[in-house]
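The values are calculated or read from the model by the stated rules, or taken from the named source; none is laboratory data. Keep in mind it's a predicted model, so treat the numbers as computed, not measured. Note that we place each Cβ from the backbone using ideal geometry, even for glycine, and neighbour counts take in every protein chain shown. With ligands, DNA and RNA removed, areas are computed over all heavy atoms of the protein, side chains included. Shrake-Rupley method; radii C 1.70, N 1.55, O 1.52, S 1.80 Å.
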Amino acid sequence: MDLGGIDTFPSSSPSSMSSVASSSSPSTLSTHLTVPSTPPSPTAARKRPEALRLNHIGIDPSEIIGKILQRARRSSSHPALTLHFTDNTTYQILVDGYDPAHRGIPKQLEMDSGLDTMLSANESPNLEVIDCALITLQDVAFDGKNAKSPSKVVSWDQKHLGVAVKFSEQNPRWHCIWARMEEYDEQEATCIFRSYDDVYLEKLHCSPKKKNKWRKSTLRRQDSAPAP
């Protein structure tokens, strides 16, 4: 799902993406943009499930506009992306409804290849966020857990929320982060269920206890440092 040309897609396609929350002018993101589906659409009778939660939680994405990204870290245990900025603020992109104690269907954060390459680099990006928005994506989901043949696989168009962000890179472009849920048949090593869930942006607040611990550690290092 490469969204590099996010603001150039036509607005008439049924597979669409629309801006839900943004501080920028309406012309920054088209209200309906084509988003190609990553998985192939199985052939079967369609039965649409309940709509996902489109009343988003979390902070207004405009809060991080103007901040300079110092580093980004993906959790190895949970579907979370932590963003550290040069003004000593930290934010996370999380999956709505994810419970570490009751994980249910495995969930993971996905992003376009351009953003993945940028965040995977060892050096600090030091890029300013010039725009950020919550967007509605639409992808093909399917459930083949009880299907005895490919023709019995049930598929549907699933709407879900993603976070779109634009940085002050050489050629500024929209990047996107979204959440995918998948189950696999271990014996066949094939995906038997795929759907999508909402993501949101949240500010990470450091507790006073952690702040004091950090300050004491810093003071100890300073006290133990040799005099010049």
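Couple of notes before you dig in:
- Counted residues, the range 73-106 - those being touching a residue at least 12 places away in the same chain (Cβ under 8 Å) and either farther than 25 Å from Ser195 by Cα or touching a His at 6+ places or on another chain (Cβ under 9 Å) (or both): 13
- Scoring Ser124 on the criteria (1) without any contact (Cβ under 8 Å) to a residue 60 or more places away in the chain; (2) surrounded by fewer than 16 Cβ atoms within 10 Å (Cβ to Cβ); (3) out of contact with any strand residue (DSSP E or B) (no Cβ under 6 Å at 6 or more places or on another chain) leaves a single failure, condition (3).
- Restricted to the range 200-228, and to residues there that are surrounded by fewer than 10 Cβ atoms within 10 Å (Cβ to Cβ) and among the hydroxyl-bearing types (Ser, Thr, Tyr), the residue that is modelled with the highest pLDDT is Ser207.
Conditions (1) touching a Leu at 6+ places or on another chain (Cβ under 8 Å); (2) among the charged types (D, E, K, R); (3) modelled with pLDDT of 90 or more, marked per residue:
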| site | (1), (2), (3) |
| --- | --- |
| Thr28 | no, no, no |
| Pro40 | no, no, no |
| Thr43 | no, no, no |
| Arg48 | no, yes, no |
| Gly58 | yes, no, yes |
| Ser62 | no, no, yes |
| Leu69 | yes, no, yes |
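- Single condition Leu134 does not satisfy, out of (1) open to solvent by less than 20 Å² (accessible area, probe 1.4 Å); (2) of a type outside the set (Lys, Arg); (3) under 26 Å from Glu183 (Cα atoms); (4) touching a His at 6+ places or on another chain (Cβ under 7 Å): (3)
- Matching residues in the range 59-106 - criterion: being buried (at least 16 other Cβ atoms within 10 Å of the Cβ), of a type in the set (Asp, Glu) and more than 16 Å from the chain's Cα centre (by Cα): Glu63
- Of all residues in the range 163-199, those satisfying the criterion of being open to solvent by 20 Å² or more (accessible area, probe 1.4 Å), touching a residue at least 12 places away in the same chain (Cβ under 8 Å) and either in contact with a helix residue (DSSP H, G or I) (Cβ under 9 Å, 6 or more places away or on another chain) or within 17 Å of Leu69 (Cα to Cα) (or both) are Lys166, Ser168, Glu169, Pro172, Arg173.
- Residue list for the range 108-121, restricted to those being touching a residue at least 12 places away in the same chain (Cβ under 8 Å) and open to solvent by 50 Å² or more (accessible area, probe 1.4 Å): Gln108, Ser113
- Within the range 141-153, tally of residues that are buried (at least 19 other Cβ atoms within 10 Å of the Cβ) and not aromatic (Phe, Trp, Tyr): 4
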